[in-house]
Each structure stands twice: as C-alpha cells, then as structure tokens.
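Read through the structure below, which is laid out as structure tokens, and then see the notes.
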Amino acid sequence: VTGVMQDIPENSHLKFEMIFSMKNIPWILNPKNEWTNHSFFTYLKLKDGTDPELIEKKITESYTKESRAVNQADCVWQLQKVDNAYLYTSDFTSKPGAFRFGNQRMIYFLSIVTILLLSVSWINYINLITAKNNERLGEVKVRKVNGANKKSLLIQFFTESTFLNLSGLFIAAIVVIASIKSFTQFMSFPVSVISYPSFWTIPTIVMAASIIIPGLYTAFSLSWKQLAKKETSISRYSVRDVMVVFQFIIIVALLSSVIVINRQLNHISNMDLGFNKEQVLVINIPRIIDEKLDSKDIETFRAELNQFPSIIDVSATNTVPGRRFGSGNGSFRLKGQLNNDDRYFRTGRVLKNYPDLMNIKFIAGQSFGDGENKLVLNEAAVEEFGLNDPGEIVDKQVTWMGHEFTVAGVTENFHQESLHILPEPLIMYTTQIENDFNYILVRLSQGDMSRSMSQIEKEFKAEFPGNPFSSFFLDEYFNQQYQKDIRFRKLFSFFSLIALIIGYFGLYGLTTYTIIKRIKEIGIRKVNGAKVSEILTLLNKDFIKWVAVAFVIATPIAYYAMNKWLENFAYKTTLSWWIFALAGVLALGIALLTVSFQSWKAATKNPVESLRYE
C-alpha cells in the first residue's frame, strides 16, 4: 500500500476502492493485445494548445493500419473530455458495475417537469391574486384619491406578495429538511447530493424568481389600474382563461406521460427474455486457490451440489445475464468464406449444460452435447456471418485463435442485457482458450430457500477452503439494469401528482371566486325558474371548453415527448390513441369534480340568501 486517497464522488464516472499498476498484469501489456483489448478506458492528458481532432485522426490512422485490428473499415476513434464522461458516455463496457454513468436525457425530462410544476404554481398564484384584485380595486382608488402614487402602491403590493411567497418558502424549507433523507432513500439517491453547491444554488435562484416574477406581476396589475376604470366582468378570452388552458395542457401532458412510462416499464418487465432468470443463484468463482481453477474443480463441486434434492442443476460461465456477454472478438473465420475481417462477436466460455440450465431455446441444431470444440451461436451471430437460414450454419467449421470448432446449434436471440438494446451476435464455447469462469450458477427448486443457501455455502467452503462465499440471485441482478428507469418513473409520477394537487387547489379557488362573482346572477335565474341542472351547465361549460382546448394542444406535445423518451429502448410499447384519450378524460374528471362541487352548492342555495340585500 503506497497511499490512501479520498473517496470518489458520486457524480464521477469512476468507481473503485483500490487501484494498481497494469505492470502487475503482464498480458495486458502484451503487444498482441495492444489494439484488440477493449477492456479498459484510455485516458490522455494533452499538452496545452493540442488539437484533439488531430489526435483523433492520427489514432484512427494508426489503428486501421494495424493488421490485428478488428472492424478496420468502420472504426473511428474519438476523444471525450473527462468532465463529460459521467453524463455523455454510454455504458459500453463489459463490466458495467465498474463505472458510474448518468443519464442526460433523464435530466432534461425531469428539468422540464420541474419547470412545468413551477409554471402550474405560478399560474394558480397569479390567477387567484388577479381574481382577488378586483375586490381591492376600491382600496386602490381611495389611496390614489388621497395622493398615493404608483411607486408607493407598487412597493406595498410587491411587499405583500414577497411576504406571502417567503412564508411558503420557509414552510417548504422545513419540509425539505425533514424529508430529504427519506426522499433520497426512496429514490435511491445518495444523501451526499445535498452537499453539492449546485443543489442549493439552483433552487435558490428558482425560488428568487418564484418570488420576484409573480410579485411584480400582481403589484403592477393593481398599482397601474386607472382611477376611472370600472370593474368589468371576466372577458371571454382573458389572460386568466389562457392561463387555465395552459395549466390543463400541462396536466394532460403529464398524465399522458405517466401512463406511457408505466406502460413501457410494464411492457419490458413482461417480455420474454429468451431464458429463465428465476430461482437461479449466482456464486462468484473462488479466487483463493493453490493452483489455477479449471473445469475439473467446477465439475467436482457441481457433482456434490447435484446430490441435494433442492438443486436442479449447476453450471458455470464467464459472464451472466445483466451484463455484456463475455468479450469482443472479430477473428472468427467460417470455412469456405472470405472477407471475414469486419465481423464482430461477443464470445463467452460456459459449461456444456449452460444453455439447458438457463432454458435457452434452440431454433437449429442442438446444445454442446459430449463433444469438444463445439460452438453455440445466436441468430444475430448467424446474420453476422452473412447467412439467413440458421440451419445452414449447423455442423459448419469455424476457426478462431488457432483452433477449429464445429457449430453445434443456434439459439434464439435471448436478451443478455436490458431491453434498452438489441441482442448482439453471441458465440458460446466450452474450450478453455482466453477466458476463465467467473460465476457458478445454481438452479434451485421451489422450497426452503434459506436451507438451500446454507447447504450450498457449506459445500462451497468445504470444496474451496479459505474463499469467502459471495452470491446473488440472477433475477435481482438482471433487474438492476432498470433501476434508473424505475427511479425516473418514481420522480416523474411524484412531480405529476404534485402538479395535479396544485392544479386542483388552484382551480378550486378560482371556481369559488367565479361563483361568488355570479352569486346574484344565480339567485335571479333561480327566482325566474332556472333548474339546478341548468345552473350547473352554465357554470361548468367554460371549464369543460378549456379542458377540451388543452387536450387538443397537449396531445401532440405529449406524443412527441414520449416518442423521444422511448428512443432509450430497443423494444417499445405502442403510443395508442386511448392513452391520450384517458389522460384527457382524467383531466376533465378532475375539472368537473372540482367545479361541479362548488357549482352544485351555489345552484342548490336558497336565492333569498343571495338577494336579501338587493
């Protein structure tokens, strides 16, 4: 140990507990692996004034001249700034757990949702304040008659608005401080996020804008009213109506998006992966051994475990579903074919029973059987060889790394990784060539899981003494690939719910004010024989009209936004018309429930109460 460093921050793409020199691993620096080993990121520190594009060009030229290079014709090398790596790098490594990557698109979406949420709050605040302003118009006129100028009125009303918003900000701060720990745990965020300056800087700026903009608007709207201007009824197309429409555009768009997001995540969780990930225990291969671990050690351990009735089968592999398959290779040659240089496959070593244990379906040929030097390909690998019929490649000879193999069978394109990407060309082999086993897989039957785990651990420690027993369940590991999507759904749904609540209270307040303004009209209509249903129709029709207008505008916006979000997935749900129709119906239902309750109280009220002072 030569030193101790600080922990790597959460917003870095780097993720490690210790580092050591590559000189300790001679095969990495082997000249034969210089261009074909894609297991690592390469970091360059350029001199001041160096043109990165020139460096890219020179590296690409050197690479394409290298006779051992893979995919020479299409390969282009590009440099990326280290501070862009976290948000702008796809997790293309074969070991995704070794690096952290953010999602810039998710940040864009959530930023938009946050802005929309603030917009709904501002709209409701301005709507309610301007509606209330008509009652204060008399106060403004009296103060102007007594010598008050616009500046003093502006200061008064801005001060009132600022005090009101600061009160809300103070309450919000208490809520944030009290709930931040629980919220970060629920969203799977590191609590350390609150220590970043940007966490407090950006909200502070937004909160300042939330105080100043609505405050100035309401102050100017009151202080600049003309003395002689009489109070008028709400115009047919007032600013308030436009704001109500805009608010419902946001609500309909958010509701549509929530439905699409949940539908997509349900879609990928219910899709057939092409293998069975349930009831599979994965054990990390033992590393503390006297000699190099080989297939005989695994077979001995496998034979011992298969004696337990709760264990169906045991296998081994150098990779597991949930991470990229094996390593990348392009030197496979199909006998009788030329021009194989530009082909690229993911290759992984497995025990012969691996396809059977994983319940991978074959569409041509069979599994490895008892023979040696056999290969099992997936459909994508057959296409990479330039063949259309999977049966055509069965029993064909393939050369690789100085060895000759026979293609035993072809499987379906099972999903080794998440459904964000299409299956890659995969080749499975059993001969020990370049990759050792990394995992032992145990398929368990239904039953006492804790007892089975105890038996397996006991047998593991007896077979591989001195090794820690480290294991995980395959289904849980595979589903970790969707943690960012699940987190996004939680956040999006949470913000949408807040927007709905704010929208409900805003609409409730505006409806209350509108009905108060028309209470005498309602009383007169009832005296003249108007029915309750007619009064309800009178008060509800405008809001229904604005929801309809909002639906027409919001639908194409939500459709476009969700189309962009679905680009993250190779397998997408359909954006059916009923999704947007359902969002519109829900928004309409919220509006009708809010307005109708107030309208019904006004319509059933005794008209004498509203006309007694006339």
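Couple of notes before you dig in:
- Selection among 377, 275, 176 by position relative to the dipole of the chain gives 176 as farthest towards the positive end (Cβ unit charges, Cα centre).
- Extending 7 Å from Cα along the Cβ direction at residue 54 and again at residue 160 yields two label points whose distance is 6.7 nm.
- Each peptide in 324-334, 364-374, 538-548 gets a packing score, the mean of other Cβ atoms within 10 Å over its residues, and the list from highest to lowest is 324-334, 538-548, 364-374.
- Size descriptor, Kirkwood hydrodynamic radius, that averages inverse alpha-carbon separations across segment 295-441, Å: 15.7 Å
- Two-decimal Rg to Rh for segment 407-451 - Kirkwood Rh, Cα set: 1.06
- Accessible carbon and sulfur surface of segment 244-396 relative to its total accessible area, %, 1.4 Å: 44 percent
- With θ taken as phi - 60° and the Karplus curve 6.51 cos²θ - 1.76 cosθ + 1.60 applied, the whole-hertz 3J(HN,Hα) list for segment 477-484 is 5, 5, 6, 4, 5, 9, 4, 5 Hz, x standing for glycine and proline.
- Taking a ≥ b ≥ c as the square roots of the eigenvalues of the alpha carbon gyration tensor, segment 363-507 is oblate, as a/c is not under 1.5 and a/b does not beat b/c.
- Residue ranges 507-520, 566-579 sort as 507-520, 566-579 when ordered by packing (mean number of other C-beta atoms within 10 Å per residue, highest first).
- Rolling a 1.4 Å probe over the protein heavy atoms gives the chain an accessible area of 56 Å² per residue.
- Cα gyration tensor shape of the chain, rounded if a/c is under 1.5, else prolate or oblate by comparing a/b with b/c: prolate
- Gap separating the Cα centres of segment 515-592 and segment 296-356, nearest whole Å: 56 Å
- Accessible surface for residue 170 stands near 140 Å², nearest 10, in the context of the full protein assembly shown (1.4 Å probe).
- For segment 448-592, alpha-carbon Rg and Dmax in angstrom: 28.1, 96
- Close Lys pairs in segment 479-609 (alpha-carbon distance under 15 Å; sequence gap of 8 or more, or different chains): 9.
- Reach of residue 296 by Cα under 19 Å, taken over lysines that are not fewer than 8 positions away in the same chain: 352, 374, 461
- Segment 397-481 - convex hull of alpha carbons, volume per residue in Å³: 171 Å³
The values are calculated or read from the model by the stated rules, or taken from the named source; none is laboratory data. Just so it is clear, the structure is predicted and the values come from calculations on it, not from any experiment. Glycine also receives a Cβ, built like all others from the backbone with ideal geometry; neighbour counts cover every protein chain displayed. Keep in mind that these areas ignore ligands, DNA and RNA; they rest on the heavy atoms of the full protein, side chains included. Shrake-Rupley method; radii C 1.70, N 1.55, O 1.52, S 1.80 Å.
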